[in-house]
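Undergrad: First the structure, which I've put down as structure tokens, then a few questions once you've had a look.
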Amino acid sequence: MKFINHLMFILPLMAILLGLEFYLVFERTTNNYETTLTEDYRILVVSKTPLELEFFQDLNEHIITTIEIERKGIVSNVAEGISKDNANAILNALPYFYNIGLDAYLETSEIEKIKQTLESNHYIKRVETFGSSHSSNYKLFSFIKLILEVFILFMTVVSLFLIMKQMEIWKYAHKERMQIMETFGAPMMLRSGVLFRVAFFDAIIATICVSILFFYIKYSWASQSGIDMIVKNRDVLFQASDIMVLFISAIVIVILAVYSVVFSSKGVED
Amino acid sequence: MSNVIQASGLTLAYDNGTKSIIQDANFSIKKGEFVFITGPSGSGKSTLLKALYGQLKPSTGTLVVGGNNLSNISRPKLQELRTHMGIIFQDYKLVNEWTVAKNVVLPLMIAGYSNEVQDTQARRLLKHVKLAEHADKYPLELSGGEQQRVGVARALSKNPVVILADEPTGNLDDYSSNVIWDLMENACQQLDTTVLVVTHKIPTIFSLPYRHFIIENRGIYEVH
């Protein structure tokens, strides 16, 4: 089979594998980023009385940490130059402040629900979710993710069509030989053996090419990119297990493609 | 002597049985016989041959080849049966990407013989059809007559029970035709192989009183 025929199969297969690997990498990177955002994100709660973590957890299961903000520190900032008694009076009148941490990077509607639950409790005076910054971060993030997923899906569909077209060419290239072999009693696996061999070879080539590209991205481009998120998450850019994922995916695609050729050729003699 | 081919009330038709080509035919061919089936163009000669190697199922009646009823034969059984047949086509049907030697041993390859056996058989058969020096060439490098000799060698490679030939000399000159007829006659006489030849005209070189069927008005009749 001519090299161009291999290339016409390898390139769309590589496009699918690239899409798959980009998806895996993006998922891992964004998961890490989401974890960082989650760790950095806090809801500020102002209460009339001291409250324990269990109290907050009874109100909402997403709450996993509470950090009390030192009231003395707040008073010392505002009570500079005034008497100790007055400072104590301010301290006694001051409510309790808590930074609340959540277990996941929640959507704005979920955050709003937590806020309403907390505010409906009579011990709690006020809740600040810093919703606008959280919301804009999250929406931008979700938007980028959606665009990438749509692009990957589109690229995969187009590539599958290209592979099917290439399969049509293979079908015509091998039809006569397969018919002759069938006339002399060759079983399907023997008739299509050469197609499987060629397709497996191409699957290996495509897997190697994509793996080399991602190794380059991980070990060369990522460190020079200067993009903080990528530099921090370099380890998740490409992992050894990804080679297996790519190879298995490539094999599944070629098996489906070859079977489609074999079964469509079967009808010719019948 | 047992029948290798037996047709009873055989009807062959295309288009889901609506366009019948052969109707209610009855004939039998014994082991080791050399048989001609003739008829004008479009009479159904090639259709009959297709039915004999299982490409076309009988619409009604029975067609038994090598003990297998082709009306209800399973795909694996049909594949097995075909490995015991040698088929020769007018247009040779060689695999052009394969060498002559590889084409010759295709039936052995399908049967799973070792490379060593295949090589030995290829050399022996190509010597038999006087193409020993062309073993490593590709079919398109050979003349029509030489390509058909490769086709005959392929048909003989697994000592088939029956050889089915569809106008085997239709595209050849007289000299090449005579070579092909000699090879087929020898196979029949020396290997006791049944040979069934479909052709529009019996070649004049045949002097022996071989059986002769004619296809006429959708029936198959023996000529005495």
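Quick note: the coordinates plus some simple rules give every number you see, no bench work behind them. Source: prediction; values computed, not measured. No Cβ is skipped: glycine too gets one built from the backbone with ideal geometry, and neighbour counts run over all protein chains shown.
Undergrad: Each residue of segment A:140-154 in turn: what ³J(HN,Hα) in whole Hz from Karplus with 6.51, -1.76, 1.60 and θ = phi - 60°, glycine and Pro shown as x?
TA: Result, ordered by residue: 4, 4, 5, 5, 4, 4, 4, 4, 5, 5, 5, 4, 5, 4, 4 Hz.
Undergrad: P(r) tail for the protein assembly as shown, what percent of Cα pairs lie past 38 Å? Present the calculation step by step, with values, prior to reporting the outcome.
TA: On the way: 65623 of 121771 pairs.
Percentage above 38 Å: 54.
Undergrad: Can you show me the helix-derived [θ] at 222 nm for chain A, built from DSSP H runs with n ≥ 4 at -39,500 (n - 2.57) apiece and divided by the number of residues, rounded to the nearest 500.
TA: About -24000 deg cm²/dmol.
Undergrad: Continuing with the same structure: Quick check: convex hull of the Cα atoms in segment A:1-58, volume per residue, rounded to a whole Å³?
TA: So the per-residue Cα hull volume is 102 Å³.
Undergrad: What whole number of Å gives the distance from the Cα centroid of segment B:154-224 to the Cα centroid of segment A:225-255?
TA: Taking the Cα centre of each part, segment A:225-255 and segment B:154-224 sit 64 Å apart.
Undergrad: Arrange the peptides B:164-170, A:41-47, A:62-68, A:222-228 so that the one whose residues have, on average, the most other Cβ atoms within 10 Å appears first.
TA: By packing density, highest mean first, the sequence is B:164-170, A:41-47, A:62-68, A:222-228.
Undergrad: How large is log10 of I(q)/I(0) for segment A:39-160 at q = 0.10, 0.12, 0.20 Å⁻¹ when the intensity is taken from the Debye formula with one equal scatterer per alpha-carbon?
TA: -0.46, -0.59, -1.07
Undergrad: Now for a separate question. With label points built 7 Å along Cα→Cβ from the Cα atoms of B:Asp173 and A:Ile169, find their separation and express it in nm.
TA: For the pair B:Asp173/A:Ile169, the computed spacing is 4.0 nm.
Undergrad: Next question, about the same structure. Taking 7 Å along the Cα-to-C-beta vector as the label spot, tell me the A:Val78-A:Thr117 distance in nanometres, rounded to one decimal.
TA: Distance between label points: 3.0 nm.
Undergrad: Which whole-number percent is the relative contact order of segment A:42-129 (Cα, under 8 Å, 6+ apart)?
TA: Over segment A:42-129, the number comes to 50 percent.
Undergrad: Here is a further query. Apply the membrane-span-like helix rule to chain B: whole DSSP H runs, Cα extent along the own long axis of at least 15 Å, mean Kyte-Doolittle hydropathy at least -0.5. List the helices found.
TA: Numbers: long enough: B:115-128 (19 Å, -1.48); B:144-156 (18 Å, -0.38); B:174-191 (25 Å, -0.32).
Taking the DSSP H segments of chain B (at least 15 Å long, mean hydropathy at least -0.5), we get B:144-156, B:174-191.
Undergrad: Under the definition of partner shielding as Cβ atoms of other protein chains within 10 Å of a residue Cβ, what is the mean value for peptide A:173-181? All intermediate terms of the calculation are to be shown ahead of the outcome.
TA: Details: counts 1, 2, 0, 5, 7, 1, 3, 10, 5.
Whole-number average of other-chain Cβ neighbours for A:173-181 is 4.
Undergrad: How do B:44-54, A:155-165 rank on mean C-beta neighbours within 10 Å, highest first?
TA: B:44-54, A:155-165
Undergrad: Now for a separate question. Rounded to whole Å and ordered largest first, report the semi-axes of the equivalent ellipsoid of chain A derived from its Cα gyration tensor (root of 5λ).
TA: 64, 19, 13
Undergrad: If you don't mind, there's one more thing I want to ask. How much length would be gained if the chain were fully extended between A:Ile144 and A:Thr35, taking 0.36 nm per residue of separation minus their Cα-Cα distance, in nm to one decimal?
TA: Full extension from A:Ile144 to A:Thr35 adds 37.5 nm.
Undergrad: Let me know the whole percent of all Cα-Cα pairs from chain B that are separated by more than 31 Å.
TA: Cα-Cα pairs in chain B separated by more than 31 Å: 20 percent.
Undergrad: On C-alpha positions alone, give me the angle between the axis of helix A:3-40 and the longest principal axis of chain A, in degrees, nearest 10.
TA: Between the helix axis and the principal axis of chain A, the angle is about 10 degrees.
Undergrad: Can I ask one more? Can you list the residues, at least 5 places off or on another chain, whose amide H is less than 5 Å from the amide H of B:Ile88, using H built in the peptide plane?
TA: B:Leu164, B:Ala165, B:Asp166
Undergrad: Given H placed 1.01 Å from N in the peptide plane, which residues other than close sequence neighbours of A:Lys125 have an amide H under 5 Å from its amide H?
TA: A:Val46, A:Ser47, A:Lys48
Undergrad: Right, next: With point charges of +1 on the Cβ of Lys and Arg and -1 on the Cβ of Asp and Glu, referenced to the Cα centre of the protein assembly as shown, which listed residue (B:Gln121, A:Ile10, B:Gly42) lies farthest in the positive direction of the dipole?
TA: Positive-end residue among those listed: B:Gly42.
Undergrad: How big is the Kirkwood radius of segment B:167-224, worked out from every pair of different alpha carbons and given in Å to one decimal?
TA: Values: mean 1/r = 0.0787 Å⁻¹.
The answer is 12.7 Å.
Undergrad: Return the average number of partner chain Cβ atoms within 10 angstrom of each residue Cβ along peptide B:93-99.
TA: For this peptide, the per-residue mean of nearby foreign Cβ atoms is 4.
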